[in-house]
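Quick note: the coordinates plus some simple rules give every number you see, no bench work behind them. This is a predicted model, so every value here is computed, not measured. A quick note on method: Cβ atoms are made from the backbone with ideal geometry, for glycine too, and the neighbour counts reach across all protein chains shown.
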Amino acid sequence: MCNNQIIECITPSSATQSTNAGSVSVMVRKNQATTALLSLETKNIKPKEFITIMDYFHFSISYADAYLVLADAKVNTNPAIGHVWLAKRLKEAVDMLNPK
């Protein structure tokens with residue numbers, strides 16, 4: 001059994017799509033992550049931070065995929081995990097996109 005089949009057994013379809021690179025294009029996954037970010041985080045992060053995270057998703061599809069899984073309430077029943085993860089990625093993104 002391949003890894004994707006295992007993932008399909010343990011996660012809902014939205015998380016599977018976000019982790020199964022063969023079934024959904026990179027651009028679609030980035031757009032899904034951006035849509036999820038818009039719907040879940042606009043009250044938690046500033047517009048500039050939002051744009052920084054979007055830019056970071058363009059550099060690393062794996063972060064966009066991880067965000068999709070964390071944003072899925074069926075998979076992640078503790079929203080605090082997603083907020084902590086996002087704060088850490090935001091700091092990394094700022095450091096990477098704005099080197100000193």
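Some notes on this structure:
- Summed side-chain charge close to residue 55 - residues other than residue 55 whose Cβ falls under 13 Å, Lys, Arg +1, Asp, Glu -1: 0
- HN-Hα J in Hz across region 81-88 - Karplus 6.51, -1.76, 1.60, θ = phi - 60°, x for Gly and Pro: 4, x, 5, 5, 4, 5, 4, 5
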